[in-house]
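A.B. asks: What follows is a single structure, and I will ask about it in a moment.
The values are calculated or read from the model by the stated rules, or taken from the named source; none is laboratory data. As the structure is a prediction and not an experimental result, all values here were calculated from the model. Cβ coordinates were reconstructed from backbone atoms using ideal geometry, including for glycine residues, and neighbour counts include every protein chain displayed.
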């Protein structure tokens, strides 16, 4: 049972790192889109005289901004960031409980039966937490970075 609990602890911590990295990435994407739209929208009239000689370029930029504004609701970055952030907090709370269970197992302060019941209870909670409204799958780069963070975490906590 202790290997299963340790594996669960690693899995939840890995997902926390993945989700934190993804939240940062999606917030950055959403911010870039918003800033671009705001700059182009607010400066379009003021800078038209400056762009008089390159009016075709300014027209393309304005058109791109308008298309981006129309398509922004279909870029789910803000929704991803919000959902992941909320679920990350739920998972962090659960991860603390799994770490506490791991500590009890290591210090032999819990029976095998109690540990097993807690383990399967946590697994059920994780299934609920990992059920996303959005279609979320972390990319390869995020997973690699999260793995590095997990290794640092395990080393710092002296867990491996």
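A.B. asks: Could you tell me how many of the residues in the range 107-127 are over 20 Å from residue 13 (Cβ atoms) and either within 24 Å of the chain's Cα centre (by Cα) or part of a helix (DSSP H, G or I) (or both)?
C.D. replies: Residues in the range 107-127 being over 20 Å from residue 13 (Cβ atoms) and either within 24 Å of the chain's Cα centre (by Cα) or part of a helix (DSSP H, G or I) (or both): 5 in total.
A.B. asks: To continue, here is another question. For the range 127-138, give me the residue count where each residue is out of contact with any helix residue (DSSP H, G or I) (no Cβ under 7 Å at 6 or more places or on another chain) and either surrounded by 12 or more Cβ atoms within 10 Å (Cβ to Cβ) or closer than 14 Å to residue 16 by Cα (or both).
C.D. replies: Total meeting the criteria: 2.
A.B. asks: In addition: Given the options 64, 99, name the one that is under 22 Å from residue 15 (Cβ atoms) and either at pLDDT 80 or above or surrounded by 16 or more Cβ atoms within 10 Å (Cβ to Cβ) (or both).
C.D. replies: Values: 64 fails: under 22 Å from residue 15 (Cβ atoms).
That would be 99, the only listed residue that is under 22 Å from residue 15 (Cβ atoms) and either at pLDDT 80 or above or surrounded by 16 or more Cβ atoms within 10 Å (Cβ to Cβ) (or both).
A.B. asks: Next question. If a residue has to be within 26 Å of the chain's Cα centre (by Cα) and either without any contact (Cβ under 8 Å) to a residue 24 or more places away in the chain or over 15 Å from residue 17 (Cα atoms) (or both) to count, how many in the range 87-106 make the cut?
C.D. replies: Start the filter on the range 87-106 by keeping residues that are within 26 Å of the chain's Cα centre (by Cα), which leaves 87-102.
Now restrict to residues that are either without any contact (Cβ under 8 Å) to a residue 24 or more places away in the chain or over 15 Å from residue 17 (Cα atoms) (or both): 89, 93, 96-102.
Qualifying residue count, the range 87-106: 9.
A.B. asks: Checking the condition assigned to a helix (DSSP H, G or I) and modelled with pLDDT under 85, which residue from 82, 69, 47, 12 passes?
C.D. replies: 69
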